[in-house]
Amino acid sequence: MRILIVDDDVTSGLVMQKMLVRYGETTITSDGRQALDVFKEHIKGKKPFDLMFLDIMLPEMDGQEVLKNIRDFELENAITGSDGIKIIMTTALDDNKNIISAFRSQCEGYIVKPVSLTKIKNQMNTLGFTEKTL
């Protein structure tokens, strides 16, 4: 499995990477524009990401905008249903406006920071992702 972690806090990104290594190969980006570019590059290179952990408060382009752009790109490229990337928002924002907006834009999950291994495992189980055999 390929996982893209998008977080402008380097420490948070590295902590998530350590928790996610049991599920697959991870890549970390630190701003919204870069995340969108890396996502598209992997699609074009025929090595798409299966899962993204996406912060909302990011430089260049916020996570809500990244999410909408990804879903638009998938639609334009006939990537539908289970073929699309699964996106879990990871953010300190726990207000109804952000949560509703994220789900309306078709995220699959929402984790309020601090991110923990238990929260990640719960989301991974919900999405049907299992730990790889090491």
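Taken together, the values in this text are just the output of simple stated rules run on the coordinates, not laboratory data. It should be emphasised that the depicted structure is a prediction, and the values quoted were computed from it without experimental measurement. We place every Cβ from the backbone using ideal geometry, glycine too, and count neighbours over all the protein chains shown.
Where in the range 1-32 is the amide nitrogen less than 14 Å from a point lying 7 Å along the Cα-to-Cβ axis of K40?
From the range 1-32, the list is 32.
With springs connecting C-alpha atoms under 10 Å apart, model the chain as a Gaussian network and identify which of I79, I111, I120 has the largest mean-square fluctuation.
I79
Provide the net charge surrounding D50, with neighbours chosen by a C-beta distance below 15 Å and charges set as Lys +1, Arg +1, Asp -1, Glu -1.
Within the 15 Å Cβ shell, the charges total +1.
In whole Hz, with x marking every Gly and Pro, tabulate ³J(HN,Hα) for the range 75-89 from phi via Karplus 6.51 cos²θ - 1.76 cosθ + 1.60, θ = phi - 60°.
4, 5, 10, 6, 9, 10, x, 6, 6, x, 6, 8, 10, 10, 6
In nm, what is the difference between 0.36 nm times the number of residues separating T80 and T126 and their Cα-Cα distance? Provide the component values of the computation, followed by the final result.
Details: separation 46, 0.36 × 46 = 16.56 nm, distance 1.95 nm.
Extra length from T80 to T126 when fully extended: 14.6 nm.
Provide the gained length on full extension for the span D8 to R104, in nm with one decimal, where the gain is 0.36 nm per separating residue minus the Cα-Cα distance.
Values: separation 96, 0.36 × 96 = 34.56 nm, distance 2.37 nm.
The D8-R104 span can extend by a further 32.2 nm.
So, in Å, what gap is there between the alpha-carbon centers of the range 14-28 and the range 65-134?
The two parts, judged by their Cα centres, are 15 Å apart.
For the range 40-88, what does the alpha-carbon gyration tensor say about shape, rounded, prolate or oblate, given a ≥ b ≥ c as the root eigenvalues, a/c under 1.5 as rounded, and a/b over b/c as prolate?
Prolate, because a/c is 1.5 or more and a/b exceeds b/c.
Putting +1 on Lys and Arg Cβ atoms and -1 on Asp and Glu Cβ atoms, find which of F103, I88, I120 reaches farthest to the positive end of the dipole of the range 2-120.
Farthest towards the positive pole: I120.
Report the calculated FRET efficiency for M1 and L117 (r = Cβ-Cβ distance, R0 = 22 Å), to the nearest 0.05.
Here the calculated transfer efficiency is 0.85.
Using the crude model of +1 on Lys and Arg Cβ and -1 on Asp and Glu Cβ, and no other charge, please compute the dipole size for the range 1-53 relative to its Cα centre, in debye to 20. Working shown, then result.
Numbers: 8 positive and 8 negative charges, 67 e Å.
With only Lys, Arg, Asp and Glu charged at Cβ, the dipole is about 320 debye.
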